[in-house]
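Asks: Structure provided below as structure tokens; questions to follow.
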Amino acid sequence: MTMLSNENELNFEKLPFVFAFRKDVDDFKPVKIIDEFKGGGTWKLSSDKPFVGDYCMECKSKIDAKTSSWIFSRGFNFYAGKDYEAAIYYRGFGRLLAEATPNEILNDKRHINMSKIKFYLGNAQKIEAMSIKLIELGVTNLDYQYFKVKFQVAFDDTYFFSVKAELLENAGSVALGANFAGYNGALDKHL
């Protein structure tokens, strides 16, 4: 068990944690990004249609490469048997929401939206450590959608949230507007 020291621990039992990609408010130092495919898209801070403030975190697909990009949160101490909840605001943009063009239909090359975001929890900022899949969501809206999930952990430990963007070539983008985490039903809209 590698619990964080009290200096770095966020106590979810006292307050919710909000990370809304605000440059002057949120701490980006502990955030880590890993891209699985060379040449694919990656998570970046973007001013294109933020949820709150001036920025969101966006992952854009590339014309000629699949995208599988992970963004990892800072570490948080969670305790076995306690009820926690986490939520995200997310949206899509571009080609992944488009209808097939007449030319694509004529040539039987319909665009199928296979873009997803997957929300994980694990005990390190590594892909192989993301052992708890909290939810998988298809990306089908231009407007921000809200999703909340409740969970428990089996062991007292430091855990990291991760959001994985999976996009096909030339598919558009997905964006995260805000992430929240809280303890025992205390999570509401805190912006």
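Asks: With a Förster radius of 30 Å, plug the Cβ-Cβ distance of Lys126 and Lys62 into 1/(1 + (r/R0)^6) and report the FRET value to the nearest 0.05.
Replies: 0.80
Asks: Turning to a different aspect of this structure: What is the gain in length, in nm to one decimal, between Asp35 and Asn141 on full extension, counting 0.36 nm per residue of separation less the C-alpha to C-alpha distance?
Replies: The Asp35-Asn141 span can extend by a further 35.8 nm.
Asks: What is the list of residues in region 134-152 whose amide nitrogen lies under 11 Å from a point 7 angstrom out from the Cα of Lys116, following Cα to Cβ?
Replies: Within reach of a label on Lys116, which here means backbone N under 11 Å from a point 7 Å along Cα→Cβ, region 134-152 contributes 135-139.
Asks: Further question: Could you order peptides 68-75, 33-40 by the average number of other Cβ atoms within 10 Å of their residues, highest first?
Replies: Packing proxy ranking, top to bottom: 68-75, 33-40.
A short reminder: the numbers here are calculations on the coordinates, not readings from a lab. Here the structure is a predicted model, which means the values were calculated and not measured. Positions of Cβ are backbone-derived with ideal geometry, glycine not excepted, and every protein chain shown enters the neighbour counts.
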